[in-house]
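Participant: Submitted below is the structure of interest, expressed as structure tokens.
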Amino acid sequence: MSERPPLAAVAVLSAAALAYELLLLRLFAIIQWHLFAYLAISVALLGIGAAGSLVTLARRRLLAAWRRNFVLAATGFAIAAVACFAVAERLPFNALEIAWNPRQFAVLAAIYVLLFLPFLSAATALCIAYSRFGGAIAQLYGADILGAGVGSLGLLAALFLLHPAETLRLICGLGLAAAAIAAWPASRRLGSTLGLLALAGPWLLPAAAIELVSSDYKDLSQALRVKEARVLAQRVSPLGVVTVVASPLVPLRHAPGLSLNAGDGPPAQLGLFIDGQTAGAVTRFDGALAPLAYLTHTTAALPYRLLQRPRVLVLGAGAGSDVLQAMAHGARWVDAVEANSQITGLVQEELADFSGRPYSRPDVHLHAAEARGFIAASRDDFDLIQLALVDAFGVSAAGLGALNESHLYTVEALDAYLQRLAPGGLLAITRWVSLPPRDSLRLFATAIAALERRGVAEPGRSLVMVRGWNTATLMLKNGAFSAAEIAAVRSFCRQHSFDIVHVHGIAAAEANLYNVQERDDFFDGTRALLGPARQDFLDRYKFELTPATDDRPYFFHFFKWWTLPELLDLRSRGALPPLDWGYPVLIMALCQAVTVSLLLILLPLALADTRLAFGAAPTALRRRVPVYFLALGLGFMAIEIPFLQRFSLFLSHPLYAAAVVLASFLVFAGLGARFSARLAPGTRWPFVAIAGIALLYVVVLPPLLAALMGLAQAWKILLTVLLVAPLAFCLGMPFPLGLAAVAGRAAALVPWAWGINGFASVVATLLATLLAIHWGQSLVVVAAVLLYGIAAWQFPQQAPGDAPGPA
Amino acid sequence: MPMQCWQTSCRWLAVALALLSALAVAADDGMSTERRAMVATVAAMARDFRAGGIDARVLAALERLPRHEFVPAPLRASAYENRPLPVGYGQTISQPYIVAVMTDLLRVGAGDTALEIGTGSGYQAAVLAELGVKVSTIEIVEPLAREAAERLRRLGYGGIATRIGDGYHGWPEQGPFDAIMVTAAASHVPPPLLRQLKTGGRMVIPVGPPFQTQQLMLVEKRADGTLLTRQLMPVVFVPLTGGHD
């Protein structure tokens, strides 16, 4: 019987497990949308580390029939990946109710357990392979990480072709294929049977087994509940499932920010949903401008009052309502930028008769690009740059996007937009109104910072902000607003009953006239931000309003710790406080991950059998193993995540970024792992190289990438690969070097070390986000370098004078 | 100040009398204790968060209404907890405190007319009917509308006019209205509804995702026909404290 390491099976299983992890994020985005789903997945990933503890505890039994157990675990993954998700999505979990109903936590816990099982199964198989073939760890790790890279790329490709639910079949098939490959050398019959099952089985699953059960509270579920409402068209891509709904009996109507004085609402519209949440509407357009009159009655229409036949750049054009608005106002030319080609494709093709193909008008030019990338590459000057309601209200209102990086609203972003304005041009950003004011004030603070960065001495003269009851629009001018323009703003607000938040020279009596608030925190806030006590205001305000930067791109994170007692007090008095959920959920996830990790890392030490096996290892090694693998697990992710984000901004398009950066990291780390087999045990230079390159990149990358953002996409991809390669190559070495050293001296510690690294990776993902929110991404990398320093110091080899452990 | 003390005492006396009278008329359905406790909680919250508290008539209406009849059977035990509950079809019955505040904001009384967009379970319509208001209510989700209509009829609120369909155009045949409540989320206030609001009339719109009412918008139509909106938060959370005031 062949006893070669099952490299192919490891690669395929690793690809399946990583693809499953990414797919779960997509699936939960569709059926739920709440961060609690993210919480469940982060806990489920602990299954990977838990496999290390499991193999540690049952090492002898599992390794005695390693192949059979590998096959069983891989098959278990294939079944659990489909079955556990099917059960989990049918549990009556309602994330929205969790603040009111503690019983929802019990349901959430059941989801944790269910999603934990597939990862535990897959990782158990992988850990068995590592433990059985201690001499081939470099090759195994290379196959593992290469598989993960191919899995992530493969999933992206699959999501272009298949609905995410159908993709579950692929994952199941890959799991069975891994089992088949592992079984083949020992049993051709079993291998063939599993192989046939891998090819045919997943496709024989009934549709009901992979049917997505969406929350009743998602916008799409609600829209389809209306009599005769139906899905008219749908397109899928890794960016989301785009669904268009027609409702002939009760028309859908979407006109955010519409003045109460507007005589008419919108003409016929089709509902547009991304992952089941409202993402605007497709408006009927036959070339006649009169039905678009409603678009002149929104806060976003303000800049058109100040400009004559402008050249307009619409960022985040979506289904085209901002383009129609520009046309309704007589724009002479419109450049529309939209990253999600599925939306523009639907508007231009399937819905062409209804939409009137707005992007094909002679005076409109569509660009399939992301805002920052387009702006960096553009050499044109615009009279108006529009950025209106790019994120959905539900997400904005519930603070669900708090952990998402957004490079749209950073100081650097606003600076870049301003650079592309013609003299006297306007940048207009419209956002939903949230109370108490959060994002509007933060945007104002960010605008001040961007203007000051450009040397504008009196930013208040270049800023105008108005608000209606549910939208607010901020305008930045390339120059100072003239008295005539300010008069036009006043007239516009009077006509539409919008309130002026800021114009130069505003008196308190002019504010808070139409949409009256008990205290006008918008007006007070903008006064304070423009005045000498800005820092004091930022410190005392109960929400975080400090301008977001490219290094800390967390525009939607508003939570401040010191408000917690007041929020808890409100809750104790029956009120639901204005809490943005993202940050507290991150803290919960981190606490859970740390607790579960510690318990499962310490469990083997508490049991007599494993204590005995561990006892055979030298004392110093037993101390060094947890420190080394903890530091590596934390350090790897703490370097990878900030650089992923930095390069994502550089590549601009979210898909290119995910594909190129992730694949480069994993492929070169895999090559590094293979290369490490040639290095002498205890080699330290990879640690020095990691520290040197990472620190160099912290200093050099931000200005370098900013300067080169305007390059053609092909050059940017090449440059990204070249920059990622040396760092990832070195990052791939310490883990196999360390694990091989452990395997050579105390094989019983291998699965434990592997598990510790797995736990640390999950904790690090959460911790890196938390620290990046507070410190910025650069300091997270510095912390990672320190961790690699600790790892180098605690490398698991015998130091002079180390005593062997008791036999 | 003595005058303020006197006013406060009068208000408390009125609340107490209203509660007592409500107690007398409430049907003995075995839930009166829970109902009383719920109203006490709502009144306590109103004292904490609203300068003027809540009209005693509104509290009395809540005390009379069998809220457990408006929630799905499995949730009846939770019907008098001060929290929103799911009622099926992706809809909720609002937190009793929010119902009280919204009703209070409408400032309606006997003989007034009210339009509700989004019947839901019918609870809000019944609260208004308890105040002697002539209520018309429209629900877009057909099964929900049928269930609510049947429930309202069974509980003796047959005077409430119910309709299945699109609330966007209001119900001109029943209007104009002294009060309009738009409990179904909307990206904008439908212009036809504003036209059906009487001069001096009030419209209330809760804003926020399900289970999370974050602000209440109150629209008032002034004598000259112009509209004034007030944006109110149901709870007091002043973003700036200390030294700012």
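The values are calculated or read from the model by the stated rules, or taken from the named source; none is laboratory data. Since this is a predicted model, take the numbers as computed values, not measurements. Positions of Cβ are generated from backbone atoms using ideal geometry, with glycine treated the same way; all protein chains shown enter the neighbour counts. The accessibility values were calculated without ligands, DNA or RNA, using every heavy atom of the protein model including side chains. Shrake-Rupley method; radii C 1.70, N 1.55, O 1.52, S 1.80 Å.
Participant: With a ≥ b ≥ c the root eigenvalues of the C-alpha gyration tensor of the stretch A:583-796, is it rounded (a/c under 1.5), prolate (a/b larger than b/c) or oblate?
Facilitator: Numbers: a/c = 2.45, a/b = 1.62, b/c = 1.52.
Here the stretch A:583-796 falls in the prolate category.
Participant: Moving on to the next point. Where Lys and Arg each count +1 and Asp and Glu each count -1, what net charge lies around A:VAL516 among other residues with Cβ under 9 Å from its Cβ? Before the final figure, lay out the partial values.
Facilitator: Working: positive: B:ARG230; negative: A:ASP499, A:GLU518, A:ASP520.
With Lys, Arg at +1 and Asp, Glu at -1, the net is -2.
Participant: While we're here: P(r) for the stretch A:218-382, please, calculated from all Cα pair distances in 5 Å bins and given in %.
Facilitator: 1, 9, 17, 21, 21, 16, 9, 4, 1, 0
Participant: While we're looking at this one, here's another question. If you look at just the Cα atoms of the stretch A:408-549, how large are its Rg and its Dmax in Å?
Facilitator: Both quantities, over Cα of the stretch A:408-549: 14.0, 40 Å.
Participant: Hey, another quick one. Calculated FRET efficiency, B:ARG47 and B:HIS169, Cβ-Cβ r, R0 41 Å, to nearest 0.05? Don't skip to the answer; put the middle values down first.
Facilitator: Numbers: r = 40 Å, r/R0 = 0.97.
So, using R0 = 41 Å, E works out to roughly 0.55.
Participant: Quick one: dipole size for the stretch A:60-175, taken about the Cα centre, charges +1 on Lys/Arg Cβ and -1 on Asp/Glu Cβ, in debye to the nearest 20.
Facilitator: Values: 8 positive and 4 negative charges, 112 e Å.
For this selection, approximately 540 debye.
Participant: Can you tell me the Rg and Dmax of the stretch B:80-142, counting just the alpha carbons, in angstroms?
Facilitator: Both quantities, over Cα of the stretch B:80-142: 11.8, 33 Å.
Participant: Under unit Cβ charges (Lys, Arg +1; Asp, Glu -1), what dipole magnitude, rounded to 20 debye, does the stretch A:1-214 have relative to its Cα centre?
Facilitator: Values: 13 positive and 7 negative charges, 162 e Å.
So the dipole magnitude of the stretch A:1-214 works out to roughly 780 debye.
Participant: Can I ask one more? Taking the full set of protein chains and a 1.4 angstrom probe, give the accessible area of A:TRP775 in square angstrom, rounded to the nearest 10.
Facilitator: 120
Participant: Quick check: the angle from helix A:439-453's long axis to the longest principal axis of chain A, C-alpha only, nearest 10 degrees?
Facilitator: Around 90 degrees separate the two axes.
Participant: Now for a different question. Quick one: ranking A:SER462, A:SER341 by accessible area, 1.4 Å probe, largest first, what do you get?
Facilitator: On the way: A:SER462 5, A:SER341 55 Å².
Sorted by accessible area, descending: A:SER341, A:SER462.
Participant: Treating only the Cβ atoms of Lys and Arg (+1) and Asp and Glu (-1) as charged, compute the dipole magnitude of chain A about its Cα centre; round to the nearest 20 debye.
Facilitator: Working: 58 positive and 49 negative charges, 429 e Å.
Rounded to the nearest 20 debye, it is 2060 debye.
Participant: Something else now. Which three numbers, in whole Å and largest first, are the semi-axes of the equivalent ellipsoid of the stretch A:471-539 derived from its Cα gyration tensor as √(5λ)? Can you show the working numbers first?
Facilitator: On the way: eigenvalues 86, 57, 19 Å².
Those come to 21, 17, 10 Å.
Participant: Could I ask something else about it? Once the mean 1/r over all distinct Cα pairs of the stretch A:1-214 is inverted, what Kirkwood radius in angstroms do you read off?
Facilitator: Values: mean 1/r = 0.0572 Å⁻¹.
Across the stretch A:1-214, the inverse of the average 1/r is 17.5 Å.
Participant: Continuing with the same structure: How many nm separate the modelled label positions at A:GLN234 and A:LEU205, each set 7 Å beyond the Cα in the direction of the Cβ?
Facilitator: Taking the simple label geometry, A:GLN234 and A:LEU205 are separated by 1.6 nm.
Participant: Calculate, in nm to one decimal, what A:ASN261 and A:ALA509 gain on full extension: separation in residues at 0.36 nm each, minus their alpha carbon distance. Mind dumping the intermediate values first?
Facilitator: Values: separation 248, 0.36 × 248 = 89.28 nm, distance 2.19 nm.
Gain in length upon complete extension: 87.1 nm.
Participant: Just to confirm my numbers, what's the Cα centroid distance between the stretch A:199-224 and the stretch A:716-761 in Å?
Facilitator: When both Cα centres are located, 38 Å separates them.
Participant: Which whole number gives the average count of other chain Cβ atoms within 10 Å of the Cβ atoms across peptide B:96-106? Don't skip to the end; give the middle numbers.
Facilitator: Working: counts 1, 4, 2, 0, 0, 0, 0, 0, 0, 0, 0.
Averaged over the peptide's residues, the number is 1.
Participant: Tell me which of B:ALA129, B:THR103, B:THR119 sits at the most positive position along the dipole axis of the stretch B:99-175, charges placed on C-beta atoms (Lys, Arg +1; Asp, Glu -1).
Facilitator: So the residue we want is B:ALA129.
Participant: Turning to a different aspect of this structure: I need the GluC sites (Glu not before Pro) found in the stretch A:302-384, filtered to DSSP loop residues with at most 13 other beta carbons within 10 Å of theirs.
Facilitator: A:GLU349
Participant: Which of the listed residues, A:TRP752, A:SER341, A:LEU176, is farthest toward the dipole's positive end in the protein assembly as shown, when Lys, Arg count +1 and Asp, Glu count -1 at the beta-carbon?
Facilitator: Working it through, the farthest residue towards the positive pole turns out to be A:TRP752.
Participant: Take the Cα radius of gyration of the stretch B:107-231 and divide it by 2.2 N^0.38 Å, with N its residue count; two decimals is plenty.
Facilitator: Values: Rg = 13.7 Å, N = 125, 2.2 N^0.38 = 13.8 Å.
The value comes to 1.00.
Participant: Could you name the aspartates and glutamates in cross-link range of A:LYS218, using Cα to Cα under 12 Å and dropping any fewer than eight places away on the same chain?
Facilitator: Output for A:LYS218: A:ASP275.
Participant: So, taking all protein chains as they sit and a 1.4 Å probe, how much accessible area belongs to A:ARG571, in Å² rounded to tens?
Facilitator: Using a 1.4 Å probe on the heavy atoms, I get roughly 70 Å².
Participant: Kindly sort B:MET102, B:MET31 by accessible area of their heavy atoms, largest first, with the probe set to 1.4 Å.
Facilitator: Accessible-area ranking of B:MET102, B:MET31, largest first: B:MET31, B:MET102.
Participant: Show that you can apply the helix-only estimate: for chain A, add -39,500 (n - 2.57) for every DSSP H stretch of four or more residues, divide by all residues, and state [θ] at 222 nm to the nearest 500. Could the numbers behind the result be given before it?
Facilitator: Values: 31 runs with 465 residues, N = 807.
Roughly -19000 deg cm²/dmol at 222 nm, from the helical runs in chain A.
Participant: On to the next question. Add +1 for every Lys or Arg and -1 for every Asp or Glu among the other residues with Cβ under 14 Å from the Cβ of A:VAL55, and state the total.
Facilitator: Numbers: positive: A:ARG59, A:ARG60, A:ARG61, A:ARG132; negative: A:ASP609.
Net of charged neighbours comes to +3.
Participant: Mind running the shape call on chain B? Use the C-alpha gyration tensor, a ≥ b ≥ c as the square roots of the eigenvalues: rounded below 1.5 for a/c, prolate if a/b tops b/c, oblate otherwise. The partial results should precede the final answer.
Facilitator: On the way: a/c = 1.44, a/b = 1.09, b/c = 1.32.
The shape class here is rounded.
Participant: Is any residue of the stretch A:81-108 close enough, with backbone N under 14 Å, to a label point placed 7 angstrom from the Cα of B:ALA77 along the Cα-Cβ axis, and if so, which?
Facilitator: A:102-104
Participant: Can you list, bin by bin at 20 Å, the percent of alpha carbon pairs in chain A, starting at 0?
Facilitator: 15, 46, 31, 8, 0
Participant: Would you list which lysines come within 29 Å of B:LYS221, measuring only between C-alpha atoms, while excluding same-chain residues fewer than 8 positions from it?
Facilitator: Straight-distance partners of B:LYS221: B:LYS134, B:LYS198.
Participant: Give me the percent relative contact order of chain A, please, defined on Cα pairs under 8 angstrom at least 6 residues apart. Walk me through the intermediate numbers first.
Facilitator: Numbers: 1515 pairs, mean separation 123.7, N = 807.
Here the relative contact order equals 15 percent.
Participant: May I pose another question? Sketch the reach of a paramagnetic label on A:GLU3 as a point 7 Å from Cα along Cα-to-Cβ, and name the residues of the stretch A:747-769 whose backbone nitrogen lies under 17 Å away.
Facilitator: Under cut-off, by backbone N: A:747-748.
Participant: If you count only protein heavy atoms and use a 1.4 Å probe, how large is the accessible surface of A:LYS560, to the nearest 10 Å²?
Facilitator: Surface open to solvent at A:LYS560 totals about 20 Å².
Participant: Now for a different question. Can you give the net charge of the other residues whose Cβ lies under 13 Å from the Cβ of B:GLN124, counting K and R as +1 and D and E as -1?
Facilitator: Working: positive: B:ARG67, B:ARG151; negative: B:ASP104, B:GLU116, B:GLU130, B:GLU139.
Result for the neighbourhood of B:GLN124: -2.
Participant: Count, for each residue of B:216-224, the Cβ atoms from other chains sitting within 10 Å of its Cβ, then give me the mean as a whole number.
Facilitator: Working: counts 1, 4, 1, 3, 1, 1, 0, 0, 0.
Mean inter-chain Cβ contacts per residue within 10 Å come to 1.
Participant: Need one value for B:36-46: mean number of C-beta atoms belonging to other chains within 10 Å of its residues' C-beta atoms.
Facilitator: Details: counts 0, 0, 0, 0, 0, 2, 1, 0, 2, 3, 0.
Mean shielding by partner chains, rounded to a whole number: 1.
Participant: Hey, another quick one. Quick check for you: with a 1.4 Å probe and neighbouring chains kept, what is the accessible area per residue of chain A, in Å²?
Facilitator: On the way: 28260 Å² over 807 residues.
The answer is 35 Å² per residue.
Participant: Round to the nearest 0.05 the FRET efficiency obtained for A:ARG534 and B:VAL238 when R0 = 22 Å and r is the Cβ-Cβ distance. Don't jump to the answer; show the numbers that get you there.
Facilitator: On the way: r = 20 Å, r/R0 = 0.89.
E(calc), rounded to 0.05, equals 0.65.
Participant: What whole-number distance in Å separates the alpha-carbon centres of the stretch A:532-547 and the stretch A:15-31?
Facilitator: Here the two parts' Cα centres lie 39 Å apart.
Participant: Label points 7 Å out from Cα along the Cβ direction at A:ASP216 and A:VAL699: separation in nm?
Facilitator: Between A:ASP216 and A:VAL699, the label points sit 6.0 nm apart.
Participant: Quick one: Cα centre-to-centre distance for the stretch B:195-245 and the stretch A:300-361, in angstrom?
Facilitator: Answer, in whole Å: 33.
Participant: Follow-up. Could you compute the FRET efficiency for B:ARG107 and B:THR33, with r as their C-beta to C-beta distance and R0 at 30 Å, rounded to 0.05? Don't jump to the answer; show the numbers that get you there.
Facilitator: On the way: r = 30 Å, r/R0 = 1.01.
After rounding, the FRET efficiency stands at 0.50.
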